[in-house]
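Participant: Handing you a structure now.
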Amino acid sequence: MKQFSKLLLLGMIVAALVAIVVPVGAQDVPAGEGGTIIESNIGDDPATFNPIIGNDTVSDAVSSWMYPNIIALDDVTLVEAPGAPGGLAESWEYDETGTVLTLHIRQDMFWSDGEQITADDYIWAYNAIKSGQTTSPRTAQLYQLDDGTVTDGTIHSITKIDDFTIEVVLGTVDRDEEGNPITDDDGNLVLLPNCAALSDLNSIAVVPEHIYAAAFGMDYAGMDADPYFVPEGENGLATFGVFTDPFIEFGVQVSLLANQDYIDAISGQVTPGEWLMQNVEDQTVEYERFLAGDFTTIGVSADNQNALRADGSFQTIEYPSNGYTYMGFNLADPSNPQPGRDEDGNLVDQGIHPIFGDLLVRQAIAHAIDVRSIIGSRPDGDNPATGILEGNGYLIATHNHPGLSSTDDELADAGVEPYAFDLELAASLLEEAGWVDIDDDGIRECQGCLYATEVDASFEGSEFEFELLTNAGNNIREATGETIRAQLAEIGIVVDFQAIEFGTLVDELVGQEFDAIIIGWRLGLPFNAGAKGLFGVGADIPGSGFNFTSYQNADYERLVDEGDALAGCDPDARDALYVQTQIALWEDLPYVWLFATNTMIAAQPDLAGWDPLPYNTQWNIDAWSTSD
Amino acid sequence: MTRHIFRRIIQSIPTIFGVTILSYLIMTAAPGGPAALLTFGNIDDENNIQRQQIEERYGLNDPWIMQYVTWVAGNDWQVWKNRTIINEDGEEELVFRHTTQGVIRGDFGESFRQRRPALDIILERVPATLELGIASLLVALLVGIPIGIVAAIWHGGIFDNTSRILAVVGNAIPNFWFGLMLILFVGVFLDQPWARGNRCDLSANSRTGCGSVPIYQRMEYLLLPTFVLAYGGIANFSRFMRTSMLDTVSSDFIRTAYAKGLRNRTVWWRHAARNSLIPIATFLGPAIVGVIGGSAITEAIFTWPGLGRVFVESISSRDYPVVMASVLIASLLTVVGYIISDILYAVFDPRIRF
């Protein structure tokens, strides 16, 4: 008996030690009893729950929990991976031309109502988008719509071979020197392989065809009239994802419940019981409410990161943002915006901007902006934080994914450095460009500058003055603009800096009547290094295109085209080509790339199972649990 | 009175019509169209197909007057707007652009942003706005008017001077700052969840919505936004009432009341205060509209799902149908507000006849 008591005591001590030592995350929380994951939403309500017509990040955030992708991304590398959780495709292969892709899809996936997921579920969404009847933004990924409209995307057709095999014809249309599509003897378009086209397949959703077809038939436009349609049939809801059964209170929050039928759960079960996305006005309120425990995780803005880091009581992960802030120049004549190409596909002479048409001037400005002082430094002992970003940012040299380039996972480092802050060099470049302070009033004037010598002689004597715009309400951009205004004043440049309402800014921007602008891009993942949508001549369309700087570089276009259409799509060989495009952009300076902010995602101390990956902090959300 | 109200309603029709024309003209003339905003950043769409589709769907390339006519009278009769496509069977099929019946048939159009009827978006926000609006107006009146009366009774005294200082402070403090400070102090420092915004305990009501919770079970959530919205009104009403009272007490009929030997309390509260309310009644109509339309900032700070927030968001996103529905409803409320003013005027002053 005494022996038994000793053993019992020992057992209890061991059990107590285990309970103390084993981390909270390893404790077994029954499925669905892991509490509520609450996220914040600084923005509007989701416009729809339907992934076919979704057009905004909030809608995508909701529907991504309920629907699978045709091809899932690897959680770590964020590139398409066969058989990755949440994706239909378990393997694929191209034909010898590189333009016909055969996808083999998994046979173990079922909607939550018990119906098997098949090729029909993808084909229905494809047909809906191709009909052109919906407001789906995904039409841009298709080459042509049913009504004949050529949208010039990379997907030419998607065909069901059998329930678990899909054939996709995809690629870039080969064109003759005049820009006309080349056809073969049968009148079919000749396609070139497009290595980036695989990503486009995920633009088309996978939806339960048996429910959608019953609800809408071929009246695809009906989806727009019922944006909060939830697929529910006789056997219940038909979704496939960690969460399901959405409920929205407009202007307040969206609620999803755990889907215990989700077979791809990383942890084998869905632990949280509910996911909430609550509307919040701005980052200030969001941050304070997070500190008070209202939100499970948030993205922490640069100006709050040092305080949260010093606090130390929250879980955090930090990595360079997959976006950047830049100062963009209008390279063409702002008084007469024109498209990059005419109707026949020929390059259009767009004139030059009186100031920024000269590369020397752009180089001078790049050297005159002290980006390091804008980024600043984090607090160190008694020394307070400095700079606008208080040290929570990274220098970048060109259009690149700052996180991926730093880890060299996806895009080779272009080997170029940010333009060094050097006022003397900037001043000498300006003088070489014909901008000198003639009257010694501290402001430079044109004396033989490019525009006066090549376009309009009456420009001679004009002061170096331009308008710099950004969107009001973005504190970092506003402060950056003020700093640039002050820094450029030191080399005799007058900057009329204005922070204006976003809608008005967009109008100025796409209208191509601006001088210079401070704004940012968030780069998509998987990262498309080519970025012809930003720098290609085809995207130089006053009123709508995003190459609003009117950047034109035939070498850049050729390199991107070669990289996109490289036979075999060898990643290293493609990288080598894209590196050259990065160098071209760095040399030509359509933008002065300023910085990428530091991303900090913070989670409540009691959130168990949180194991974030950079750029993919929610990959194992099914394992999370809170003590609420 | 009935005749007067009827006449005022008839007179308001061209006014509202004029307001909508002006609003539409100004709105469409503003830089930055809805299609540009909705598609900005979609860099994969090199040919801007999506933007063209949105413009086509909602007729955004039409001249503003045509867009206005469509908003008023719909487009289901505009046969020239249809187009043909070739369907799966190779046959020509007529496709209608997004159709609307126009406001005169009760169709306020579809929100560009949310793709739902604009009227639905407005109506679902009305209860929250009325809750906050009525509460803050009541607080402003029930606190502001007595303060004004008491300040007038003891004018020049400590209470009068204190209320004057508080009124100046109340007018000077911006409500967005005050709201944030209250959230920070009560909600964060004092750790009161109800003081961090919203209409109710969101987590507890995530599957039903706050509207399903009786208001008496969530009164604490109304406290801070009501106070933030009301304190400016308290300041204004107290000063107006004080001035009006001082004006009234110097009248002959007040001297007569004293001469009759009435008690001070009767003179002040029954005779002076009632007559002093007449000018306040003039403010009341516009105040009703102001409380409803002017609460956008407070609603935003407290994440209160009301009309003001929708109005501001729809302007920012150039969501014309929602903006116009808001303008129309605000115009109607203004008309109703002024009619209420007229009625109150007559109630407070029986000498007034329309």
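Participant: Sequence gap at least 6, Cα distance under 8 Å: using those rules, report the relative contact order of region B:126-305 to the nearest whole percent.
Facilitator: Relative contact order of region B:126-305: 38 percent.
Participant: Run the dipole for region A:46-240 about the Cα centre, Lys and Arg Cβ at +1, Asp and Glu Cβ at -1, nothing else charged, and hand back the magnitude in debye, nearest 20.
Facilitator: So the dipole magnitude of region A:46-240 works out to roughly 500 debye.
Participant: For region A:282-422, divide the Cα radius of gyration by the Kirkwood radius and give the resulting Rg/Rh value with two decimals.
Facilitator: Rg/Rh: 1.09.
Participant: When only alpha-carbon atoms are used, what values of Rg and Dmax, in angstrom, describe region B:126-305?
Facilitator: Just the Cα atoms of region B:126-305 yield Rg and Dmax of 19.3, 66 Å.
Participant: Just counting partner chain Cβ atoms within 10 Å, what average do the residues of peptide A:96-104 show around their Cβ?
Facilitator: Mean number of neighbouring Cβ atoms from other chains: 0.
Participant: Any chance you could list the semi-axes, whole Å, largest first, of the equivalent ellipsoid that the Cα gyration tensor gives for region A:57-136, using √(5λ)?
Facilitator: Output for region A:57-136: semi-axes of 21, 18, 16 Å.
Participant: Using only alpha carbon pairs under 8 Å that are at least six residues apart, calculate the relative contact order of chain B and give it in whole percent.
Facilitator: 23
Participant: Of the listed peptides B:228-235, B:339-346, A:153-160, A:357-364, what is their order by residue-averaged count of other C-beta atoms within 10 Å, with the highest listed first? Could you put the intermediate results ahead of the total?
Facilitator: Numbers: B:228-235: 24.1, B:339-346: 17.2, A:153-160: 20.2, A:357-364: 22.2.
The most tightly packed comes first, giving B:228-235, A:357-364, A:153-160, B:339-346.
Participant: Need one value for A:143-150: mean number of C-beta atoms belonging to other chains within 10 Å of its residues' C-beta atoms.
Facilitator: The shielding value for this peptide is 3.
Participant: Evaluate E = 1/(1 + (r/R0)^6) for A:D496 and A:L423, where r is the Cβ-Cβ distance and R0 equals 22 Å; express this FRET efficiency to the nearest 0.05.
Facilitator: The calculated FRET efficiency here is 0.55.
Participant: For region A:498-628, go through all pairs of different Cα atoms, get the mean of 1/r, take its inverse, and jot down that Kirkwood value in Å.
Facilitator: It is 18.0 Å.
Participant: In angstroms, what radius of gyration and Dmax does region B:186-291 have, counting Cα atoms only?
Facilitator: Considering region B:186-291 through its Cα atoms, Rg and Dmax are 21.3, 66 Å.
Participant: Another question, then. For region A:46-240, what log10 I(q)/I(0) values come out of the Debye formula at q = 0.17 1/Å, with one point per alpha carbon and no solvent?
Facilitator: Log10 of I(q)/I(0), two decimals: -1.17.
Participant: Which value in nm describes the separation of the simple spin-label points at B:L22 and A:D349, placed 7 Å from the Cα toward the beta carbon?
Facilitator: Once both label points are built, they end up 5.0 nm from each other.
Participant: Excluding same-chain residues fewer than 8 positions from A:K130, which aspartates and glutamates have a Cα within less than 12 Å of its Cα?
Facilitator: In chain and number order, the partners are A:D146, A:D147, B:E88.
Participant: I'd like the distance separating the alpha-carbon centroids of region A:439-492 and region A:206-242, in whole Å.
Facilitator: Between the Cα centres of region A:439-492 and region A:206-242 lies a distance of 55 Å.
Participant: A further question on this structure: Residue by residue through A:530-536, how many Cβ atoms from other chains fall within 10 Å of the Cβ on average?
Facilitator: Per residue, the number of nearby Cβ atoms from other chains is 2 on average.
Participant: Which of the DSSP-defined H helices in chain A satisfy a minimum axial length of 20 Å, computed from C-alpha atoms, and a minimum mean Kyte-Doolittle hydropathy of -1.0?
Facilitator: Numbers: long enough: A:2-21 (28 Å, 1.91); A:475-489 (21 Å, -0.44); A:571-588 (25 Å, -0.46).
What comes out of the filter, once short or polar helices are dropped, is A:2-21, A:475-489, A:571-588.
Participant: Check cross-link reach from A:K160 to the aspartates and glutamates: straight Cα distance under 14 Å, and skip same-chain residues fewer than eight apart.
Facilitator: Filter leaves A:D120, A:D121, A:E209.
Participant: Around A:F421, what is the net charge, scoring Lys/Arg as +1 and Asp/Glu as -1 over all other residues with Cβ under 10 Å from its Cβ?
Facilitator: Result for the neighbourhood of A:F421: -1.
Participant: Order these peptides, A:481-492, A:539-550, A:340-351, by their mean beta-carbon neighbour count within 10 angstrom, highest first.
Facilitator: Ranking the peptides A:481-492, A:539-550, A:340-351 by packing returns A:539-550, A:481-492, A:340-351.
Participant: Let me ask you something else. Only Cα pairs under 8 Å and at least 6 apart count here; give the relative contact order of chain A as a rounded whole percent.
Facilitator: 18
Participant: Next question. Any chance you could tell me what percent of the C-alpha pair distances in chain A go past 44 Å?
Facilitator: Here the tail beyond 44 Å accounts for 28 percent of pairs.
Participant: Dividing the convex hull volume of the Cα atoms of chain B by its residue count, what figure in Å³ per residue is obtained?
Facilitator: 202
Participant: Once you wrap a convex hull around the alpha carbon atoms of region B:242-340, what is its projected area averaged over all directions, in nm²?
Facilitator: Spelled out: convex hull of the Cα atoms, projected over all directions, averaged, 8.5 nm².
Participant: Hey, another quick one. Taking the Cα centre of each part, how many Å lie between region A:115-178 and region B:247-318?
Facilitator: Each part's Cα centre sits 62 Å from the other's.
Participant: Sort the following peptides by mean Cβ neighbour count (other Cβ atoms within 10 Å, averaged over residues), highest first: B:274-281, A:502-509.
Facilitator: Ranking, from highest mean packing down: A:502-509, B:274-281.
Participant: Only helices at least 24 Å long along their axis, Cα-based, and averaging -1.0 or more on Kyte-Doolittle count here, so list those DSSP H runs from chain B.
Facilitator: Helices meeting the criterion: B:2-29, B:126-153, B:219-249, B:273-293, B:320-348.
No lab work stands behind these numbers, since they all come straight from the coordinates. It should be emphasised that the depicted structure is a prediction, and the values quoted were computed from it without experimental measurement. Every residue, glycine among them, receives a Cβ derived from its backbone with ideal geometry; neighbour counts consider all protein chains shown.
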